[in-house]
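Since the structure comes first, as structure tokens, the remarks are kept for the end.
Please treat every number below as a calculation from the coordinates, not as lab data. Here the structure is a predicted model, which is why all the values come from computation and not from measurement. Here Cβ is always computed from backbone atoms with ideal geometry, including for glycine, and neighbour counts include all displayed protein chains.
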Amino acid sequence: MTRPQFRTSRATIKLSEISKCAFFVCTALAVTTFGASSAAAHDIWLTAGKINSNYVAQVHFGDLTGREIADPRKIVSLEVVTPTGSTDLRDPLIASELKRKPVLKTRPFSAPAGSVLAVSYDNGFWMQLGKDKHEINTSKLMVPDGTSPHWTVKYSKLLLGRGSFNHTLGMRLEIIALKDPYALPSGAKMPVRLLLSGKPYGGADIVYTDGLKPLPDEQQPKVKTNKDGIAEVPYTGKGPVLLTTDINVEPLHPPLAAVDHLFASLSFDTSK
């Protein structure tokens, strides 16, 4: 299988699509810049549904108790990965709703059995300013005396049916299913492995929910990865599942960030 090349340039959308997204994007930017922490309550995950024989995917952003809309300009890659290659789905992305929650929607696309949908999202550099530790979306290039500088990057995968579970895409932080969730019996446990730069990462919390119920963070169940990066996630039966994790690691660019805050998610829906 040809692995996708996760792009280092910013995602681009047509001007017509920017106008469709403008209100939602500006609202999200206002919230993240003036009110919220970059590290808290800003997850990214994927869902998809079928229209005739094609899929349409949705990009979710925020958390289970408060959604925003992802900024299309921060989506570095959004691809469907098949056994024979990958297809870029970044253009167009349309502001829409799913179950009365804001999402970005892709164009229809085909995906054979065993395919995976993947997104990478650069949420930028953040730091604290002033005595009140107000967090702003900038770096030491702009505010040399700012404190707690960090870079926030997010990755997500969606498994599209049987046979898609064992794809490793080379994301910097990645959750790998070690068994096929579409073949698991109800009541079984699904082992997953967390990889950081391709190596097992132990001691991280893997949060598991259905991605639908508005559970506060403190009420969301979780399991911890062992020294081999493996966690056993309970599986209760057919339906949507969302696994998430986030960690702080050594920075790739120390002049701009003291730590890198990385987020990863893995989702699937065995009712489809």
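Would you tally the net charge around Leu160, using a Cβ to Cβ cut-off of less than 14 Å, leaving Leu160 out, and scoring K and R as +1, D and E as -1?
In short, +1.
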### Query
For Asn54 and Asp228 in the same chain, what is the full-extension length gain: residue separation times 0.36 nm, less their Cα-Cα distance, in nm?
58.9 nm
### Message
Let me check I've understood the local charge: for Gly203, count other residues with C-beta under 10 angstrom from its C-beta, Lys and Arg +1, Asp and Glu -1. What total comes out?
### Response
+1
### Query
What is the packing order of peptides 194-200, 92-98, taking the mean over residues of other C-beta atoms within 10 Å and listing the highest first?
92-98, 194-200
### Query
Which number comes out as Rg/Rh for region 15-269 once both Rg and the Kirkwood Rh are worked out on C-alpha atoms?
0.96
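What FRET efficiency comes out for the pair Ala258/Leu212, r = Cβ-Cβ distance, R0 = 41 Å, nearest 0.05?
The computed FRET efficiency comes out at 0.70.
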### Query
In terms of modelled amide H atoms, which long-range or inter-chain residues lie less than 5 Å from the amide H of Ala111?
Tyr55
### Task
Sort Ser164, Ser156 so the one with the fewest other Cβ atoms within 10 Å of its own Cβ comes first.
Ser164, Ser156
### Task
Straight distance only, please: which lysines reach the Cα of Lys101 with their own Cα at less than 19 Å, same-chain residues fewer than 8 apart left out?
Lys20, Lys50, Lys213
### Value of relative contact order over region 193-259, rounded to a whole percent, pairs C-alpha under 8 Å and six or more apart
36 percent
### Protection proxy ranking of 65-71, 133-139, 256-262 - average other beta-carbon atoms within 10 Å, highest first
65-71, 256-262, 133-139
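For region 15-269, what does the relative contact order come out to in percent, with C-alpha contacts under 8 Å and a separation of six or more?
17 percent
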### Task
Step through the table entries Lys74/Lys105; Lys133/Lys224; Lys154/Lys222; Lys179/Lys199; Lys140/Lys222; Lys154/Lys199, compare each Cα-Cα distance with 26 Å, and write down the pairs that go over it.
Lys133/Lys224; Lys140/Lys222
